[in-house]
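**Q** Quick one: the structure is below, and I'll ask about it shortly.
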Amino acid sequence: MSSVNEIRAAFLDFYAREGHQVVPSSPLVPRNDPTLLFTNAGMVQFKNVFTGVEKRPYSTATTAQKCVRAGGKHNDLENVGYTARHHTFFEMMGNFSFGDYFKERAIDMAWRLTTGVFGLPKDKLLVTVYHTDDEAFNLWKKIAGLPDHKIIRIATSDNFWQMGDTGPCGPCSEIFIDQGEALQGGPPGSPDEDGDRFLEFWNLVFMQYEQIEPGNRVDLPRPSIDTGMGLERMAAIMQGVHSNYDTDLFRGLIRASIEAIGVDAEGDRRPSHRVIADHLRASSFLVADGVLPSNEGRGYVLRRIMRRAMRHAELLGAREPVMYKLVPTLIREMGAAYPELVQAEPLITETLRLEETRFRKTLVRGLQILDEESSRLSKGDTLSGEVAFKLHDTFGFPLDLTQDALRNRGIAVDTAGFETAMERQRADARKNWSGSGDAAAETVWFSIRDKVPATEFLGYDTETAEGVVL
Ligand code: ATP
Ligand code: MG
Ligand code: MG
Ligand code: MG
């Protein structure tokens, strides 16, 4: 029992047997929350249940929730392909108590699942608690029998969760596994905690307070539980590999990418295949949930994700669109758990094919210009904002794509300069529209005409997520 599909089923089965309602994943576009770009945690669909605004016919639930962290408060886009544990799209397994059980049962079940069902070795596990949370500290001691030095007190916001400036909040407790001395990195709370040796895989949130206003926090009459376990991370642990990208699901996707492009995943090519596999999942699931590539809001995040992957395909030597060719493999791996993927297959395929066909028209020339402009730069230098803006405006390179392209060489981009150039263009556009009468209309016409070749590739924008602030 250790494939991604088996682990997902085992998690849900365990909590179902513990009396939890199995609730389907909610869509990636949150229904009632315009402040949130994408669903980024299991609790999102239950926000109003936690606050008591909404009632459900059950008081405990379990889910496998589709999540995207590629914008807003949680943005893991830059990490993808470079860390072993981050994706833009991932599945968060969770169990929830809406004023039902609290810390003791939550810890007890998490420990039984981790060490019993999943069979993780007790002596390799350690946990964190919020520094003032003696209750959680003592429960870990009692239930798991962990020695004091493996229950690490953390004073930062990493171990204190808040829904927002007001509302439910409380301490959290995270479970880590020590993957061995061969890997770099220190235990949680140490200066080098971001290394690969100690891997966080589960976060248990104890909602026990309500923040009424700044400085005024009261006890919730019926505290709640919200947990999140990264399915891909648990799969890596159980399959004995040190990277999510070496698990069964990702190996399948990367194999498809290797076949479609015709080059292996050795050395420098490895991160590119990983980015392609990751971004294929994010793109496909977003399209299945109704997001289409566009120039603003959610659609622009999707476009950025797609184009990043497409640049990596070009880097690997692809000379024609490839992303859409990987869709059948994704559906074979994940279609059974997510029927919406199967249903949306034609739309996903067509959207990827079209976006890549269009982007490829400007991609190669844009990369040439980027090469020329950066040829004299070396590690520690900065590419001018003007050039980054030209790549954006004329060649459809999102800023983060340009940054990603220069990252290996240690070259940064002048983002302030980029913003200035962007703002100048906006101001020009406004100025051109401000007059009335023929002269003004003519200016507008000429200015549009001048820009037509530049903007042609953006010609099939779709209206999505208007008004979303990135
Ligand atoms: P990290 O510190 O590794 O970035 P996190 O503390 O931001 O993770 P949480 O917000 O606590 O993550 O989310 C709960 C769980 O979801 C994590 O313990 C992890 O297993 C998983 N998770 C979080 N972000 C990602 C991601 N980008 N890709 C894959 N799994 C993730
Ligand atoms: Mg994180
Ligand atoms: Mg963390
Ligand atoms: Mg965490």
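**Q** Look through Phe98, Phe89 and report the one residue that is more than 16 Å from ligand 3 (Cβ to nearest atom), under 17 Å from Arg281 (Cβ atoms) and among the aromatic types (Phe, Trp, Tyr).
**A** Numbers: Phe98 fails: under 17 Å from Arg281 (Cβ atoms).
None of the others qualify; the one that does is Phe89.
**Q** In region 167-179, what residues are away from ligand 4 (no atom under 16 Å from the Cβ) and either modelled with pLDDT under 95 or under 20 Å from Asn138 (Cβ atoms) (or both)? I'd like the intermediate steps shown before the answer.
**A** Filtering region 167-179 down to residues away from ligand 4 (no atom under 16 Å from the Cβ) leaves 167-168, 178-179.
Correct list: Gly167, Pro168.
**Q** Across region 376-406, what is the total count of residues that are surrounded by fewer than 16 Cβ atoms within 10 Å (Cβ to Cβ), without any contact (Cβ under 8 Å) to a residue 60 or more places away in the chain and charged (D, E, K, R)?
**A** 4
**Q** While we're here: Looking only at region 71-93, count every residue that is away from ligand 4 (no atom under 14 Å from the Cβ), outside any loop (DSSP other than H, G, I, E, B) and modelled with pLDDT of 95 or more and tell me the total.
**A** Count: 2.
**Q** Across region 181-203, which residue is surrounded by the fewest Cβ atoms within 10 Å (Cβ to Cβ) among those that are within 24 Å of Met93 (Cα to Cα) and more than 16 Å from ligand 2 (Cβ to nearest atom)?
**A** For region 181-203, the residue satisfying everything is Pro187.
**Q** Does Leu286 satisfy being outside any loop (DSSP other than H, G, I, E, B) and either aliphatic (A, V, I, L, M) or without any contact (Cβ under 8 Å) to a residue 40 or more places away in the chain (or both)?
**A** yes
**Q** Pick out the one residue from Glu232, Glu193 that is at pLDDT 95 or above, within 26 Å of Lys73 (Cα to Cα) and within 13 Å of ligand 1 (Cβ to nearest atom).
**A** Within the list Glu232, Glu193, the selection yields Glu232.
**Q** Please count how many residues of region 115-163 are touching a strand residue (DSSP E or B) at 6+ places or on another chain (Cβ under 8 Å) and closer than 19 Å to Gly186 by Cα.
**A** To start, the set of residues in region 115-163 that are touching a strand residue (DSSP E or B) at 6+ places or on another chain (Cβ under 8 Å) comprises 115, 120, 124-133, 136-137, 140-141, 144, 146, 150-155, 158-163.
Narrowing further to those that are closer than 19 Å to Gly186 by Cα: 124-131, 146, 150-155, 158-159.
Looking only at that region, the number is 17.
**Q** Considering region 358-375 alone, what residues qualify as being assigned to a helix (DSSP H, G or I), free of Cβ contacts under 8 Å to residues at least 40 places away in the same chain and among the polar types (S, T, N, Q)? Working first, answer last.
**A** Let us first name the residues in region 358-375 that are assigned to a helix (DSSP H, G or I), namely 358-374.
Pick out the ones that are also free of Cβ contacts under 8 Å to residues at least 40 places away in the same chain and you get 365-366, 368-374.
Result: Gln368, Ser374.
**Q** Follow-up question, since we're still on this one. If you go through region 158-179 one residue at a time, do you hit one that is loosely packed, with under 15 Cβ neighbours inside 10 Å and either more than 30 Å from Val218 (Cβ to Cβ) or within 15 Å of ligand 2 (Cβ to nearest atom) (or both)?
**A** No.
**Q** Of these, Val29, Val68, which one is under 20 Å from the mean Cα position of the chain (by Cα), of a type outside the set (Gly, Ala, Ser), surrounded by 19 or more Cβ atoms within 10 Å (Cβ to Cβ) and more than 16 Å from ligand 1 (Cβ to nearest atom)?
**A** On the way: Val68 fails: more than 16 Å from ligand 1 (Cβ to nearest atom).
Just one listed residue meets the conditions, Val29.
**Q** Every residue in region 145-198 that is within 16 Å of ligand 3 (Cβ to nearest atom) and among the hydrophobic types (A, V, I, L, M, F, W, C), please.
**A** Hits for region 145-198 are Ile152, Ile154, Ala155, Phe160, Trp161, Cys172, Ile175, Phe176, Ile177, Phe198.
**Q** Further question: State whether one or more residues within region 106-114 are surrounded by fewer than 17 Cβ atoms within 10 Å (Cβ to Cβ) and either more than 16 Å from ligand 2 (Cβ to nearest atom) or more than 23 Å from Arg197 (Cβ to Cβ) (or both). Spell out how you get there, then give the answer.
**A** Going through region 106-114, the residues surrounded by fewer than 17 Cβ atoms within 10 Å (Cβ to Cβ) turn out to be 108, 112.
Filter once more, so that each one left must be either more than 16 Å from ligand 2 (Cβ to nearest atom) or more than 23 Å from Arg197 (Cβ to Cβ) (or both): 108, 112.
Looking through region 106-114, at least one residue is surrounded by fewer than 17 Cβ atoms within 10 Å (Cβ to Cβ) and either more than 16 Å from ligand 2 (Cβ to nearest atom) or more than 23 Å from Arg197 (Cβ to Cβ) (or both).
**Q** When the residues of region 267-296 are filtered to those that are of a type in the set (Ser, Thr, Tyr) and more than 14 Å from the chain's Cα centre (by Cα), which remaining residue is farthest from Arg358 (Cα to Cα)? Working first, answer last.
**A** Pass one, region 267-296, residues of a type in the set (Ser, Thr, Tyr): 272, 283-284, 294.
Within this subset, residues satisfying the condition of being more than 14 Å from the chain's Cα centre (by Cα) are 272, 294.
Values: Ser272: 21, Ser294: 13 Å.
Only one residue fits best here, namely Ser272.
**Q** Exactly one condition in (1) among the basic types (Lys, Arg); (2) touching a helix residue (DSSP H, G or I) at 6+ places or on another chain (Cβ under 8 Å); (3) more than 16 Å from ligand 1 (Cβ to nearest atom) is not met by Arg217; state its number.
**A** For Arg217, the failing item is (2).
**Q** Also: Might you let me know whether region 59-67 holds any residue that is within 16 Å of ligand 3 (Cβ to nearest atom), of a type in the set (Ser, Thr, Tyr) and either assigned to a loop (DSSP other than H, G, I, E, B) or touching a residue at least 40 places away in the same chain (Cβ under 8 Å) (or both)? Walk me through it before giving the result.
**A** The first filter runs over region 59-67 and keeps only residues within 16 Å of ligand 3 (Cβ to nearest atom), leaving 67.
Restricting the remaining residues to those that are of a type in the set (Ser, Thr, Tyr) gives none.
Scanning region 59-67 turns up no residue that is within 16 Å of ligand 3 (Cβ to nearest atom), of a type in the set (Ser, Thr, Tyr) and either assigned to a loop (DSSP other than H, G, I, E, B) or touching a residue at least 40 places away in the same chain (Cβ under 8 Å) (or both).
**Q** Does Gly94 satisfy the criteria of being out of contact with any Leu (no Cβ under 6 Å at 6 or more places or on another chain), without any contact (Cβ under 8 Å) to a residue 12 or more places away in the chain and either within 30 Å of Glu181 (Cβ to Cβ) or surrounded by 22 or more Cβ atoms within 10 Å (Cβ to Cβ) (or both)?
**A** Values: out of contact with any Leu (no Cβ under 6 Å at 6 or more places or on another chain): yes; without any contact (Cβ under 8 Å) to a residue 12 or more places away in the chain: no; either within 30 Å of Glu181 (Cβ to Cβ) or surrounded by 22 or more Cβ atoms within 10 Å (Cβ to Cβ) (or both): yes.
Judged against the criteria, Gly94 is not a match.
**Q** Right, another one. Looking at region 341-357, which of its residues are in contact (Cβ under 8 Å) with a residue 40 or more places away in the chain and surrounded by 19 or more Cβ atoms within 10 Å (Cβ to Cβ)?
**A** So the first thing to find is which residues in region 341-357 are in contact (Cβ under 8 Å) with a residue 40 or more places away in the chain, and the list is 341, 343-344, 347-348, 351-352, 354-356.
Answer for region 341-357, where residues must be in contact (Cβ under 8 Å) with a residue 40 or more places away in the chain and surrounded by 19 or more Cβ atoms within 10 Å (Cβ to Cβ): Leu341, Ala344, Ile348, Thr351, Leu352, Glu355, Glu356.
**Q** Still on this structure, I have one more. List the strands (runs of 3 or more DSSP E) inside region 159-238, counting only whole elements, that have at least 1 residues being touching a residue at least 40 places away in the same chain (Cβ under 8 Å) and acidic (Asp, Glu). Even if it seems obvious, please write down each step before you answer.
**A** Working: elements: 160-162, 167-178, 198-213, 216-230.
The qualifying strands (runs of 3 or more DSSP E) are 167-178, 198-213, 216-230.
**Q** Any residue that is in contact (Cβ under 8 Å) with a residue 24 or more places away in the chain, crowded, with 21+ Cβ neighbours inside 10 Å, in contact with an Asp or Glu (Cβ under 7 Å, 6 or more places away or on another chain) and in a helix (DSSP H, G or I) - is there at least one of those in region 326-336?
**A** Yes; the residues of region 326-336 include at least one that is in contact (Cβ under 8 Å) with a residue 24 or more places away in the chain, crowded, with 21+ Cβ neighbours inside 10 Å, in contact with an Asp or Glu (Cβ under 7 Å, 6 or more places away or on another chain) and in a helix (DSSP H, G or I).
**Q** If you don't mind, there's one more thing I want to ask. Out of region 68-82, which residues are within 12 Å of Ala41 (Cβ to Cβ) and within 16 Å of ligand 3 (Cβ to nearest atom)?
**A** Passing the criteria: Arg69, Lys73, His74.
**Q** Do the conditions hold for Arg17, that is, is it farther than 25 Å from Cys169 by Cβ and more than 16 Å from ligand 2 (Cβ to nearest atom)?
**A** Judged against the criteria, Arg17 is a match.
The values are calculated or read from the model by the stated rules, or taken from the named source; none is laboratory data. Keep in mind the model is a prediction, meaning the values are calculated, not measured. Here Cβ is always computed from backbone atoms with ideal geometry, including for glycine, and neighbour counts include all displayed protein chains.
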